[in-house]
Structures are given as structure tokens and as C-alpha cells.
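The values are calculated or read from the model by the stated rules, or taken from the named source; none is laboratory data. Given the structure is predicted, the values throughout are model-derived calculations rather than measurements. Please note that ligands, DNA and RNA were not included when accessible areas were found on the heavy atoms of the full protein model with its side chains. Shrake-Rupley method; radii C 1.70, N 1.55, O 1.52, S 1.80 Å.
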Amino acid sequence: MSSEPKLADAAYRSLAERALIGDHPTIVKLRALVDRVAVTDATVLITGESGSGKEVVAGAIHALSARAKRAFVPVNCAAIPHELLESEMFGHERGAFTGAAAPRHGLFSTADGGTIFLDEIGEMPAQLQAKLLRVLEDGIVRPVGSDRASRVDARVIAASNNDLVAAVKKGVFREDLFYRLQVVPIIIPPLRERRSDIPLLVEYFLDRMRQRMPGREWSVSREAMVNLWSYDWPGNVRELENMVERLVILCEDSVIDVDVLPANLTASTRMAETRIPATLDDKGVNLNLLVRELEGRMINEALKHTGGNKQAAARLLGLKRTTFSAKLRRCGVIAPTGPNDRDDS
Ligand SMILES: Nc1ncnc2c1ncn2[C@@H]1O[C@H](COP(=O)(O)OP(=O)(O)OP(=O)(O)O)[C@@H](O)[C@H]1O
Ligand SMILES: [Mg+2]
């Protein structure tokens, strides 16, 4: 690589930026970080729940980097059997192990000049962690069964959806490798902590459906959108993406309304109601959780009632405008600006 990284061309740049959708403050910051880190060769460790966009972020870093025209090579460390992972990554010599009939290049060589994305790095076996650390340190790859070493210039981006810090503490992930990987740590918040992006993402996925089915048009009713906001999305953006596709298929006309939402989605807005017990038994309750659930539900109800007008919603709940805004932020519910709403907090 040249020591002076150039930005990828404009077309590639906008393509990469478009894929990382969201204008929640955490995503705006994330995009700025992606921009800054893309022009360096620093190793990046991306952490986030399943489906939160780790590969999207890794792809964006690559696409915005001077390596954009070379390969982006994802390796899922959890999907490849442990005994094969080393040869997948570093290649092997003929006869290095049973079944190695011909020599083979590893994925690090494929990523030479480009980026290798080591997904689910926490699943990498200990012995391979040591080898990876050496590769990161001296840039030299040695195929399995070979005494020939070669230099590779692959930028490493790693990702994990579990807590690598805990794995380090437990002694199942090497501490030195952890620090070597997270030169730049990037944490992607789960979708439930950036609910204000849900309408934007829904629109983005609807748009993609429109491209796939030209001539068709869909919109989401306000009530259905309130349900989409309230749901916790354990599968994050991927779950939302699949849900939009499913809703488009299920809805008979052009408006996606609550009647096509699956029960677990509509249930989330009713959850507080059903979970709040009339009396207390020996099991007890988590009072903080109940209060939060009730607050979230009332806020959603009030916004629904007032067509998204936050001033009126605050009045309906007997709250000061500022208190209401603080609660909105705490619950992660930031309503899209309604037609009568001039406040943009
Ligand atoms: N911010 C985003 N904007 C647009 N699409 C997104 C965004 N985040 C995620 N997606 C989409 O959601 C899906 C899941 O994203 P991705 O594969 O990057 O998640 P992940 O964190 O790598 O998940 P896993 O842990 O399961 O590997 C993809 O189809 C991706 O395009
Ligand atoms: Mg992934």
C-alpha cells in the first residue's frame, strides 16, 4: 500500500454511505468515525449484537478506503470448522494434512492489498489466535505445512457479537490479541437504543422492495409504525429488514396497517399492560423495568393520539415539555416530527 491513502472515487463513496442508513446521533457519530478510520490502515474491532450492521460497517470502511478496488474478504470464524480455519486463513502446502491434495492460497492472500473481515473473532481457537497475533505484528503469513513465509498486506477488521472483554477475563481470548485488534474499537448500538431510525430504515427497505417490484407502492400507517417503534428487535436491523419484506408480501393494498403485523409485534405495545400485576406474589417484580415499560407505552400512546405532536403529547401526560423530551430520549423513542410539531428535540 502507498503510505498516502487516497479516498475511493465519489461513486463508491456515496454507495458505501447510502448503505449505512440512520440519523440517530449514535449513527451520525459512527459514520464520522468510519470516515476517519477508512483512510488509515488501523485494525478495527467492531462489536454489536447480531444483525446490528457489523458487516455493513466493515464494508463501508473498506469501500471508503484506498483499498476499495481490491478484495473485501469476509471470513466467518464461527462457521468454519476449527481444524480447517487455519488453512482457510493462511493456505496450505500439498500434503499438509489428510485431504490436502493440492497447495492452496489462504484468504489472507486473497485479501492482499484489500481488507480481510474476521467475523465472530471470539470463536477463533486459542492456537490460531496466537498465529493471528504474529501475522498482525509482522505481516507475514505461513501456509500450513510450509516453511515458506510470505508478506501480505491485508487490512484487518474483526467483529464480535459477544463481549470479548468477558472472554478475555475468562481466559478464552488472548488479551494481547484483543488489544492488537481493537486499535480502533467501534461499537454499534442495538436497534432498540436508536428507535428513531426505525421509520428511516423502514422507508429504505420499502424503497428496495419498490426497486424489486416496480410499479408497486407501499406506506406504513401511523399505528403500525408505533408498533414497529415499540418492539425491541432482538434481531436488530436484519429482523426489521425481513419484517418489511414480509409485511409487503402480506399486505393486500398499498397501506401496511396493524392487521398484518404479527402478534409478537403488536403485543410489545400491550406488554406493560399485561405484565403489570394487580397484586404482588412471592416472585416479586422488577419495579424499574415495569415503570420503564409503562412510561414507554404511555409515551407511544400519547404520540399516537396527537399525531406525533410532542407538545400536545406532553400536555396529555401532564408533563412539562422538557421532561417529556428527556423521557423520550431515555426510552429511545424519538418520534418523527408530526405535522403540527415545531419542536425538533
Ligand atoms: N444501518 C443500516 N442501514 C441499512 N441496512 C442495514 C444497516 N444495518 C444493518 N443493515 C442490514 O441488516 C442486515 C444485517 O446487517 P449485518 O449483516 O451487517 O449485521 P451483523 O451485525 O454483521 O450481523 P451478524 O452478527 O448476524 O453477523 C443486512 O442485510 C444489512 O444490509
Ligand atoms: Mg455479520
Accessible area (Å², per residue) of the chain, counting only protein heavy atoms and a probe of 1.4 Å: 52
For the stretch 166-215, projected area of the alpha-carbon convex hull averaged over all directions, nm²: 6.1
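Which number gives the lysine pairs in the chain that have C-alpha atoms under 19 Å apart and are eight or more places apart or on different chains? Walk me through the numbers before you get to the answer.
Working: K6/K69; K29/K54; K304/K320; K304/K327; K310/K320; K310/K327.
Taking the Cα cut-off of 19 Å, the pair count is 6.
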Whole-number D in µm² s⁻¹ for the stretch 60-162, Kirkwood Cα-pair radius fed into Stokes-Einstein, 37 °C, 0.692 mPa s: 236
Overall Cα dimensions of the stretch 174-322, principal axis frame, Å, largest first: 55, 54, 35
Under 5 Å, built H, 5+ apart or other chain: amide partners of T115: A71, F72, V73, R155
DSSP bridge orientation in the stretch 10-189 - percent antiparallel, rounded to nearest 5: 20
Antiparallel bridge percentage (DSSP; both residues within the chain; nearest 5): 15
Using distinct alpha-carbon pairs, which all enter the 1/r mean, Kirkwood radius of the chain in Å: 22.9
Fraction of accessible area attributable to carbon and sulfur, the chain (%, probe 1.4 Å): 52
Selected from L191, L45, L303 as most flexible by GNM, with the chain as the system and alpha-carbon contacts under 10 Å: L303
